[in-house]
Structure formats: C-alpha cells, structure tokens
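So the structure is just underneath, and the comments pick up after that.
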Amino acid sequence: MTKHFWQEEFETLGKKDLQKLQVERLNATITNASRSSFYSKLFGKKNIQPGAITDIAQIAELPFTTKQDLRNHFPYGFLTLPKKDIIRLHSSSGTTGNPTVIFHNRHDLNSWANLMARSLFCAGVRDTDVFQNICGYGLFTGGLGFQYGIETLGALSIPAGAGNSLRQIKLMRDYGTTAAHAIPSYLGRLYEVFEAEGLDPKKDTQLKTLVIGAEPHTDGQRKRIEEMFGVKAYNSFGLSEMNGPGVAFECTYQNGLHIWEDAYVVEIVNPDTLQAVPDGEYGELVMTTLDRQAMPLIRYRTRDITRILPGQCECGRTHRRIDRITGRTDDMFIIKGCNVFPMQIEGVLMKIPEVGSDYMITLETMNGVDEMVVEVEVRNDWFQGDIRRLDKLSKTITHQIRDEVLAKPIVKLVEAGSIPKSEGKAIRVTDNRKNGLN
Ligand code: AMP
Ligand code: ZN
C-alpha cells in the first residue's frame, strides 16, 4: 500500500481531536515549564495554575516570552531538567549580546527528527532519494536538524556542509543526488559555478527536489531556482527557538506551509496591540512548544511576519498553513519617511529577467540626505555590451522599486558574482546612516 503521510495519526487529525491533543499537551507543558527558574517566577507572579487549560483559546491568557527574556536568563534559566539529562544545545546566529541557546534532551531530539522526517516526506522526499544537505553543520540548526530528519526518513544522506561549490557539484554528480537542501541565496551562486564549468544542472544532475529556507525569499526567487535547476523547490521554515527546521513546510501542492500543530500552538498577533488577528491577516507569529521537555517555550514572539491561509489543503493534512514569511518586525527600515521591507525590493528585482541572483541594499547619508543604494547583479550575458541598454535597465529598476516602496532608490548595476557572499544567511541590508537606525 502506498504511504501518503509520514505520521498519518497526527497529520490528518480532525480539528476537535487536534485541539484536544493541544489542550492535553499544553497543560503538560505548563506543568513542566514551571520547573524552570524563569517560568516558575513568571507563573507565580501571574498566578498561573498548571492544568487549568480546558480550551486552547485560553492560551491568550498566558504571558508572552521574548528573545530578550532568553537573553536575560542566559544560559540555563529556562532549563527544566538537570544538566545530566541534556544531550545537545544549539544556538542562534546573533552577533551582539548573549546568543539565544536552546537545550534538548533525548526525547526532544527524537521528536524533532520525526518532525523533520514528516516535513521532508510532505515535500515528496522518500527513502529512495539521495539527499545532499548543503548547509553549515554545528551550532546552526540546519545541519544536524536536516541530518537526523533525512536519516529518520531513511533516505541516503550526504552531509555535504556549506560552501565549496565545485565539491558540491562533484558530490551531486558522483552519487546521483536527487534532493538537496540549501539556503536560497546560495543556490544562485551554485548555479553560476555550474555555468562556469560548462554544466547545466537540468541535464548534468539528477536533482528533482530542492528544499529552501532559513532566510526570507520571495516566490519570484523560488521560481528562478526551480527554472535554473529544473526542480520543484519547497519552502522550509523554522527557528532555533522552536528547534530549527521542521516547524512548517510546504507540501507538494506548494500553497503555503503546513505548521505542525500537534507540536506547536500557533497564533498570529498584531505586534503593537498583541491581540490576535483574524485568519488571512498579516501579523507576528507567536508559537508555543507542545512536545519539548528540556526547554519548553510559551507564547514565544518570533518577530516573523506571516498570516494563516484560510481553508483546507488538498493534500489531506489538516494542520493549518502559514504564508511565506514576508519579513521580520525588526528588519523593516524607514527611508525618506517610507517603511520598507527588504523582501519588497527582492519581489521587484526577481521579476526582471535581466537581473542576476544577488542584490544588496545600503543606506547611506549623502550630502546630508539619507539614500537607499540598491546594488543589483546583472546576468553576465547582459552586463557586456551596450551602455544604453544598461542605462535603460537601471531606470526601469529605479521606477519599479519606487512604485513598490514609494522611496526612490539609487540603483547601481554590477557584474554577476561581484556582491560579497556571507558564509551563512544572506545579509541584505547595511545601514551606514549618520543618525543610525531609521
Ligand atoms: P535561526 O534561529 O538563526 O536559524 O533563524 C531563524 C529565523 O530565520 C526565523 O525566525 C526567520 O526569520 C528566518 N527564516 C527561517 N526559515 C525561513 C523561511 N523559510 N522563510 C523566511 N524566513 C525564514
Ligand atoms: Zn498540503
């Protein structure tokens, strides 16, 4: 019999049963969380009693947890278990202040590996695939998170790690890689190396599935990746505070990301009022872990902006879907009085065929005026030749960005491959303005 789901007993639960499970798990989570020094104080102050939840909507009465709380109680303030029971930590990529660190016991790692396997299966990966994991192994969750998921699913894993494109291509060709995971901003670079080697990933590899995530990207960028590699590319969302990858994933219908509601309670709130917004409306994603023992988090404000997509998915999974992340509440910048999210600019650029795979936004004060400089890589075949053509392209990009964000940018066209690449997630915005942020 063909298997349609990885864990049918959870993935297709009706709404009532799912909510019943959530209530049970939330009560257990509250009881467990009150063993940590952070939550025991917080619950004491707010008079929160374990076992008091009878309807999942009551979650709105619980207090939020923020990244600042995690930093203030670094490193062990959220632990519910003695250190001898903890077997791994991961920490997030912050460059200033205390990092965000998450601890796992064996139960947590098994649960995460299962969610990851479920997510990969949902995107059509099977045990017959050869899966190359192209991302950093270490404290970043993308490496080991995917590794254990691929192994749990039973596909052949290639723990390739990040970078070294020639080696990535060789691995792909030597072992017949059929599926791979990478951050979207790296795949444009990888494609350029294929081209420079006179290779075409469509003909010269057996790739059919790519899993892309860990950083914001537009549907336009996804489509480009699909065309370059001749594959289907599925969006994978996660954050280390909620384990890492395996939180929400696209199924083969590619219409939003199923967010695993047996493992998390999902809320979307208005970031200013902190009140829930109706399905379909954008707001900040707030998540509660339901199956994590060592370090449960309650109503964690992710700062990621998305919305619930109303309606059922045709795949048969009942867990609700979130839309792709449009940005974070903290990556919006203000220029010339206009609020701008980097993804708005990417959205414009990815629709222009002459544009290459990378771009960079720099905010500068020039002659006392704040300007938004957008460097845009142009496809190699286009960059050579007639200067008037480039001039026209630059004007088109300027107008289209201005129409989208209402502020006029200074557009600089540059050669493909000339924008410096960061090791991990792409850095899209640098703010050099004299008066600092905003
Ligand atoms: P980290 O915990 O360092 O891995 O970073 C997690 C953050 O990366 C999330 O909170 C999001 O802002 C971002 N992120 C992860 N996956 C995606 C995705 N598929 N689309 C957009 N942003 C993502
Ligand atoms: Zn689906």
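Does Ala248 satisfy the criteria of being touching a residue at least 24 places away in the same chain (Cβ under 8 Å), in contact with a Leu (Cβ under 6 Å, 6 or more places away or on another chain) and buried (at least 23 other Cβ atoms within 10 Å of the Cβ)? The answer is yes for Ala248. For the stretch 371-378, does any single residue satisfy the condition of being open to solvent by 70 Å² or more (accessible area, probe 1.4 Å) and in contact with a helix residue (DSSP H, G or I) (Cβ under 9 Å, 6 or more places away or on another chain)? No, that holds for no residue.
When the residues of the stretch 275-325 are filtered to those that are open to solvent by less than 50 Å² (accessible area, probe 1.4 Å), among the polar types (S, T, N, Q) and touching a Ser or Thr at 6+ places or on another chain (Cβ under 8 Å), which remaining residue is farthest from Pro216 (Cα to Cα)? The residue in question is Thr318. Elements of the type helices (runs of 4 or more DSSP H) sitting completely within the stretch 4-51 and holding at least 1 residues that are within 26 Å of Phe78 (Cα to Cα) and among the aliphatic types (A, V, I, L, M): these cover 15-33, 37-46.
Taking the stretch 217-244, which residues are open to solvent by 10 Å² or more (accessible area, probe 1.4 Å), away from ligand 2 (no atom under 16 Å from the Cβ) and either modelled with pLDDT under 95 or part of a strand (DSSP E or B) (or both)? Within the stretch 217-244, Gly238, Leu239 qualify. Can you tell me which residue is least open to solvent (accessible area, probe 1.4 Å) among those in the stretch 195-215 that are part of a loop (DSSP other than H, G, I, E, B) and touching a Gly at 6+ places or on another chain (Cβ under 6 Å)? Result: Ala214. So, Gln344, is that one within 16 Å of ligand 1 (Cβ to nearest atom) and open to solvent by 10 Å² or more (accessible area, probe 1.4 Å) or not? For Gln344, the condition - within 16 Å of ligand 1 (Cβ to nearest atom) and open to solvent by 10 Å² or more (accessible area, probe 1.4 Å) - is met.
Confirm whether Phe121 is away from ligand 2 (no atom under 16 Å from the Cβ), buried (at least 20 other Cβ atoms within 10 Å of the Cβ) and in the same structural domain as Thr252 (by TED's automatic domain parsing). The answer is no for Phe121. Within the stretch 349-393, the residues that satisfy the criterion of being hydrophobic (A, V, I, L, M, F, W, C) and over 22 Å from Met332 (Cα atoms) are Ile352, Val355, Val378, Trp382, Phe383, Ile387, Leu390, Leu393. For His90, the criteria (1) open to solvent by 10 Å² or more (accessible area, probe 1.4 Å); (2) touching a residue at least 60 places away in the same chain (Cβ under 8 Å) hold in every case but one, which is (1).
No other residue among Arg167, Arg189 is under 25 Å from Val376 (Cα atoms), of a type outside the set (A, V, I, L, M), open to solvent by 10 Å² or more (accessible area, probe 1.4 Å) and part of a helix (DSSP H, G or I) apart from Arg189.
The values are calculated or read from the model by the stated rules, or taken from the named source; none is laboratory data. Everything numeric in this text was worked out from a predicted model, so none of it was measured. Virtual Cβ from ideal backbone geometry, glycine too; neighbours counted across all protein chains shown. To get the accessible areas, we keep the full protein, side chains included, count just its heavy atoms, and leave off ligands, DNA and RNA. Shrake-Rupley method; radii C 1.70, N 1.55, O 1.52, S 1.80 Å.
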